[in-house]
Structures are given as structure tokens and as C-alpha cells.
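Encoded as C-alpha cells, the structure appears first; notes follow it.
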Amino acid sequence: TGRRCTNMVAAAAIAANKKRQAKAKAKRDALRKQLENDKREAEGFFNEISTDDGKTIPSDKLADLLQRAIGDDHTVNDDGKNMVLNHLGKKQGSEPPHENLQLPKDDVVEAIGKYRYFLTHADKIERLFAEFDKNHNNILEKAELKKAMQAIEDREHSGTNARVVFGMETRVRVTDEDVDYIMELCDESGDGGIDRAEALP
């Protein structure tokens, strides 16, 4: 009976893990679909504003484009516009205040998607930076990012969402390699940290 009980516990743990994985995949798929729809819509707005057949827009038209993209439910404030413009300027190697730039379509469309996501998740992102950006430079550097990733891992996999293997709750430790991987994926500007825009999907 002991072996059968162990097998049942293992089977239950595997089933629970598969259920969590399926749920996470469904969330990722829904987000991907939303981002694709947002991208198509943003491309249309971009083409309406562009004066060079949809290749670029001048940086002084960015606020107008963002307002069209988010609709009348929100108002683009200077902080939001500056976050997006800073992200786009860094991608071009420009130094602040990022004036008189010609912003390429692909970069702007991607930034619009991130900005929309930011609007719906701004509280979470601001809490993340408030808690972990210890030197207040508006980027999460490697050590800060590691602490943030560990905190997120611990919060998301505790209690009823805990990983249970053979009846025991397991914890995953974030490694330097994990942080390096995230930095490689997200640090688009190459400045050694993740800013708010780079923290968005």
C-alpha cells in the first residue's frame, strides 16, 4: 500500500503540474493574440500619421499616435509619453531629451503594444520598481532584477499555487544564469538594466 500511495501522490502532482502548465499556456496564448491584434491596429494609426509612406514618424507626433492607440478611456500624460520616447530613443542610441527623431514603424508599433500593456498593469510595474530599484535610477540592474525575479517566483508559487512533488512543497532558486538570460532577452538598449518599457512583454 505504501508504494501505491506514493504512486498516487506522484500521479496527482504530475496532473496538478500539467493543469498549471495548461493554464499558463492559455494565458500566454491570450496575451500573444491580444498583442497581435494591438499591433495591427497600431500599424493603422501609424500609417495615418506617417508622412513618408508608413516608414517613420517624427518624435513630436508620438503623443498624438499614443492617444489614438489607447482611445478616449485614458489620456496620454507626459510620464507615459516620455517612457515610450525614452525607450525608442535608447534603441536609436539617442541621448535624452530625444528630440527631432524619426521613429521607425516597427519600433513604434512594438512600443505602442507595450504602452497599452503598461496602462493595464501600471500598478504592478510601479510596485516592482518601487520595491526593487534601490538606487532609484529607473532601471533594474542585475542584482535588483535577481531579487525581483526571486520575489515573483516565491509569490507565484506559494500556498495553493505551490509546486508539490511527492507531497512536499518545492522552491526554485533564481540563478545568475536565469538573470543573464532575462537580461539578454529584455535589455534592448544594452545599458545593463531593465527599464519599465523593457520589463513589458
**Asked** For the range 181-201, which residues satisfy the criterion of being farther than 20 Å from N135 by Cβ, open to solvent by 50 Å² or more (accessible area, probe 1.4 Å) and in contact with a helix residue (DSSP H, G or I) (Cβ under 8 Å, 6 or more places away or on another chain)?
**Response** E188, P201
**Prompt:** Quick check, is E110 at pLDDT 85 or above, within 30 Å of E48 (Cβ to Cβ), open to solvent by 30 Å² or more (accessible area, probe 1.4 Å) and out of contact with any Leu (no Cβ under 8 Å at 6 or more places or on another chain)?
**Reply:** yes
**Message:** On the basis of being hydroxyl-bearing (S, T, Y), modelled with pLDDT under 90 and under 15 Å from Y117 (Cα atoms), does T51 make the cut?
**Reply:** no
**Asked** Which residue, of G80, G89, G54, G71, is open to solvent by less than 80 Å² (accessible area, probe 1.4 Å), more than 23 Å from A122 (Cα to Cα) and out of contact with any strand residue (DSSP E or B) (no Cβ under 8 Å at 6 or more places or on another chain)?
**Response** G54
**Request:** Specify which of the listed residues (L85, L66, L62) is under 17 Å from the mean Cα position of the chain (by Cα) and within 24 Å of D106 (Cβ to Cβ).
**Result:** L85
**Message:** Within the range 37-144, considering only helices (runs of 4 or more DSSP H) that don't extend past its boundaries, which have at least 1 residues that are in contact with a Pro (Cβ under 7 Å, 6 or more places away or on another chain), under 21 Å from G190 (Cα atoms) and in contact (Cβ under 8 Å) with a residue 40 or more places away in the chain?
**Reply:** 78-91
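The values are calculated or read from the model by the stated rules, or taken from the named source; none is laboratory data. Just so it is clear, the structure is predicted and the values come from calculations on it, not from any experiment. All Cβ positions, even for glycine, are placed from backbone atoms using ideal geometry, and neighbour counts span all protein chains on display. Keep in mind that these areas ignore ligands, DNA and RNA; they rest on the heavy atoms of the full protein, side chains included. Shrake-Rupley method; radii C 1.70, N 1.55, O 1.52, S 1.80 Å.
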